[in-house]
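For reference, the structure discussed in these notes is given below.
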Amino acid sequence: MLKIAKDKLPELLKAWAINAAVFVPQEKGGTRVFQPWDGQPSLTLDGGNTLEPPKDLFFPRTETMYRYEVQGKEAGVTEIPTFDGKMVLVGVRSCDARSFLIMDDVFLTKGYVDEFYRRRRENTRVVALACTQNAPTCFCTSFGIDPGRAEGVDVQMWPVADGYLLEPITAAGRELLDQAGELLTATDTAPPPAAVPGLVVDVTGVTEKLQGMFEHPYWTAVSRKCLGCGACTYLCPTCHCFDIQGENRGNSGYKFRCWDSCMFSEYTRMAGGHNPRPSKKERLRNRFLHKLQYFPERYGKFACVGCGRCLDRCPVNVDITRVIREVKEVAL
Amino acid sequence: MNSIQEQMRARARELLTEGTVQMVIGWEKGTFWYLSPPTFVTAPEDCDRLVWDEFCTNNLAKYLLDYKHTEDKIAIFVKGCDARGIVRLLQDNQIDRERVYLIGIKCPGVKDGRQAAALGEEKRKEVPLAEKCRFCTHPEPVVYDELLVPDGGEALREAAAAAEGRFAEVEKVEAMNPDERYAFWTAAYDRCLRCYACRNICPACNCRECIFDRSQSGWCGKQMNRSENMFFAITRAMHVAGRCIECGECERVCPEGIPIMTLNKKIIKDLNELFGEYEAGVDLEALPPLGQYKLDDPDEFH
Ligand code: SF4
Ligand code: SF4
Ligand code: SF4
Ligand code: SF4
Ligand code: SF4
């Protein structure tokens, strides 16, 4: 096990920043988000998880895909250079680390590789930070996630009184720590105990139960209070829906993709006006079925990591843990 | 003791049992002690779900739009701001007064749930008043069919709301130079997720088709970038101009903590200065300044 003193951490980030853009959670307008680190000496790594998930770094809110131009009968397309910079994300929590694996399934498997996502993802090193405390809304352990040790990351960090413990997990992680030189010391300090979230829900059997619930009146009852906004989906680290649209000016324009949300009416509105999900009942049902039934059916895992962001920010307290509990209780 | 909460449950039970109404909209206890989200009761035996505490924050008026095309009569609990939301919807011909039964509550002001979460339950008494209640001038419902009064006498506001300071944030922004102001608003709206929670909770946002649900029209692009976000912000602010009841719900539900009320209040302040004092959603007969025509219209807009 290696250790770095708290006041030396900026120097380590500085070493990483020579070859890569380093992102760390920072305050921005009263909220915590992953921001490029610009060398400031004070870091607030220990302030709980970020309001926005780090998914934006692999799957930006809005991204231009290509430009086009038409001249007479000729049309030309200009590719947008794909991202080839390097990134190091520091302070990723176990829940969000799991979400990267879920996003990988979507964007990199089943026969289609999304180049925009792949380039960013492959060029990024993830340095996880263990949680020794949790928010009341955290329920990662219900999905078998260990807040004290993240999956699929390059380096694992733990907070200790006067600094951080570090353990390289992958070869790339070892390289990162090799850049630290004198900053790290060997120690036999044991990692601190992980957080024990109090919010727990038993998810066993929920997928099977949902398979027989598409037409259940429960969805009417549970959706009454939902506002049909996009807060839950946009703040969710695993929600990955996007729309592709164009912006045209005269003879030229560009295509972009941007986040979209299944909670919006426009999401399923077809040319001609028909909408197969006409009300918030069908939309809310889709959100839960996607996370708890369709995704497990397709990829063998839940598309929820228990980060609690939706529960924390939903204006009307639509609570996925309560939905799971109620789904398991309703009579078929 | 005949608390507001007990009366709430009793009246809801009576109304549903008699068949006077088919649904009661109120609040219930949520996941945590600091959350009392909206609830919809249709069976008399479920009325004990209803609660009244300092976290019954949500303005319920907007939900009536979901039942616009049903035959049901609905009872709804209204605080001061909820009642103004009702007036707002009535003025816009969105709901039928005959189909709603309004049970008024003299509101002592609700508490800030987010700060409550940070303080912890031991300090429940110290939780400050919600931002939206600080300048509330109508804690008593302006319209109701019956009013709940607790046995112990009239509910008192714990912290008196004052109109003073209502425009303090606006004045701060007005005092900035144009560059500072640009930096202030772009920093705020660069964060905007375009989740539309602000629109969806708003009783003044009741268009059948919202411009922001029509991205193909080319009016407002779906890109989450500075220019489209600013266009969204200004358009929504102008669409509720003269109709915003200052319930503060938009700002409260914004996940990004964007100071939406500063924008709304700037418009309210300008309207008051240009067209005379007007409070939206207070008087059903008083038409909104931008919803009427007068020969002596000042014909200018800053
Ligand atoms: S569940 Fe909550 S956050 Fe999600 S759309 Fe409904 S009201 Fe908005
Ligand atoms: S559904 Fe909610 S708790 Fe689950 S991963 Fe998404 S935001 Fe987090
Ligand atoms: S959900 Fe778990 S891993 Fe995520 S922040 Fe909370 S305690 Fe940490
Ligand atoms: S704009 Fe905001 S304060 Fe005004 S009525 Fe709508 S939700 Fe309430
Ligand atoms: S609630 Fe906030 S983040 Fe969402 S659209 Fe409105 S201003 Fe933007």
Checklist outcome for this item: Using the Cα gyration tensor of segment A:193-314, the equivalent ellipsoid's semi-axes, largest first and to the nearest Å, work out to 30, 20, 14
Checklist entry - How would you order A:137-144, B:182-189, B:120-127 from highest to lowest mean count of nearby Cβ atoms within 10 Å? => result A:137-144, B:182-189, B:120-127
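So if R0 is 22 Å, what FRET efficiency would residue A:180 and residue A:44 give, r being the distance between their Cβ atoms, rounded to the nearest 0.05?
On the way: r = 21 Å, r/R0 = 0.95.
So, using R0 = 22 Å, E works out to roughly 0.55.
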Checklist entry - Between segment B:237-302 and segment A:45-93, what is the C-alpha centre distance in whole Å? => result 38
Checklist outcome for this item: Computed from the beta carbon distance with a Förster radius of 51 Å, FRET efficiency for residue A:251 and residue B:121 to the nearest 0.05 stands at 0.20
Checklist entry - Tell me, what is the FRET efficiency for residue A:65 and residue B:53 to the nearest 0.05, using R0 = 56 angstrom and their Cβ-Cβ distance as r? => result 0.65
Checklist entry - When you look at the Cβ of every residue in A:314-325, what mean number of other chain Cβ atoms sits within 10 Å? => result 5
Item to check | Per-residue average of Cβ from other chains inside 10 Å of A:257-267 | outcome: 4
Checklist entry - From Cα coordinates alone, what are the radius of gyration and Dmax values for segment A:1-78 in angstrom? => result 19.3, 66
Checklist entry - For segment B:212-302, what ratio Rg/Rh do Cα atoms give with a Kirkwood hydrodynamic radius? => result 1.01
Checklist outcome for this item: Working note, chain B: Cα radius of gyration (Å, one decimal) and Dmax (Å, whole number) are 19.9, 62
Checklist outcome for this item: Sorted largest first, the Cα spans of segment A:15-159 on the principal axes come out in Å as 63, 38, 28
Item to check | Carbon/sulfur fraction of accessible area - segment B:167-275, other protein chains in place, 1.4 Å, % | outcome: 57
Checklist entry - Comparing A:206, A:77, A:88, which has the greatest mean-square fluctuation in the GNM of chain A with Cα pairs linked when under 10 Å apart? => result A:77
Item to check | Per residue accessible area in Å² of segment B:167-275, where ligands, DNA and RNA are left out and the probe is 1.4 Å | outcome: 41
Checklist entry - Separation between the residue A:325 and residue A:86 pseudo-spin-labels, each 7 Å from Cα along Cα→Cβ, expressed in nm? => result 4.7
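Averaged over its residues, how many other protein chain Cβ atoms are within 10 Å of peptide B:21-31's Cβ atoms?
Working: counts 0, 0, 1, 0, 2, 0, 1, 2, 1, 7, 12.
What the average comes to for B:21-31 is 2.
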Checklist entry - What is segment B:167-275's relative contact order, in percent, from Cα pairs under 8 angstrom and six or more apart in sequence? => result 36
Checklist entry - If you build the Cα gyration tensor of chain A and take the root of 5 times each eigenvalue, what three semi-axes come out, in whole angstrom, biggest first? => result 35, 29, 16
Checklist entry - Straight-line reach from residue A:301: which lysines have a Cα under 23 Å away, not including same-chain ones fewer than 8 places off? => result A:55, A:110, A:209, A:291, A:328
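So what's Rg/Rh here for segment A:110-229, counting alpha carbon atoms and using the Kirkwood radius for Rh? Let's see the in-between values first.
On the way: Rg = 20.5 Å, Rh = 18.4 Å.
Over the Cα atoms of segment A:110-229, Rg/Rh equals 1.11.
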Checklist entry - How big is the shadow of the Cα convex hull of segment B:13-99, averaged over all directions, in nm²? => result 5.8
Next on the checklist: Could you work out the percent of alpha carbon pairs in segment B:4-148 separated by over 28 Å, rounded to a whole number?
Outcome noted: 17
Checklist entry - Where in segment A:131-149 is the amide nitrogen less than 19 Å from a point lying 7 Å along the Cα-to-Cβ axis of residue A:207? => result A:140-146
Checklist entry - Between segment A:219-285 and segment B:98-148, what is the C-alpha centre distance in whole Å? => result 33
Item to check | Loop-located GluC sites (Glu not before Pro) in segment B:248-302, at most 10 other Cβ atoms within 10 Å (DSSP) | outcome: B:277, B:285, B:300
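Select from segment B:1-82 those trypsin sites (Lys or Arg not before Pro) which occupy a DSSP coil region and have at most 15 other Cβ atoms within 10 Å, ordered by residue number.
When the trypsin sites (Lys or Arg not before Pro) of segment B:1-82 are filtered for loop state and at most 15 Cβ neighbours within 10 Å, B:68 remain.
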Checklist outcome for this item: Interface call, segment A:218-244: threshold 50 Å², probe 1.4 Å, accessible heavy-atom surface of protein chains, chain by itself vs complex, result A:224, A:225, A:227, A:234
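Just in segment B:171-211: which trypsin sites (Lys or Arg not before Pro) are loop by DSSP and have at most 12 other Cβ atoms within 10 Å?
Answer by residue number: B:208.
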Next on the checklist: Quick check on the protein assembly as shown: what does the Kirkwood estimate of hydrodynamic radius come out to from the alpha carbon pairs, in Å?
Outcome noted: 26.7
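Over segment A:1-118, average the accessible area per residue using a 1.4 Å probe and give it in Å², no decimals. List each step's numbers first, then the result.
On the way: 5620 Å² over 118 residues.
Ligands and nucleic acids excluded, the figure is 48 Å² per residue.
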Next on the checklist: More than 20 angstrom separation, counting every C-alpha pair in segment B:167-275; what % is that?
Outcome noted: 40
Checklist entry - Considering the Cα trace of segment A:55-123, what is its radius of gyration and what is Dmax, both in angstroms? => result 15.6, 54
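The values are calculated or read from the model by the stated rules, or taken from the named source; none is laboratory data. None of these values were measured; they are calculated from a predicted model. Note that each Cβ is placed from the backbone with ideal geometry, even for glycine, and that neighbours are counted across all protein chains shown. Just so you know, the surface numbers come from the protein's heavy atoms only, side chains and all, with ligands and any DNA or RNA stripped out. Shrake-Rupley method; radii C 1.70, N 1.55, O 1.52, S 1.80 Å.
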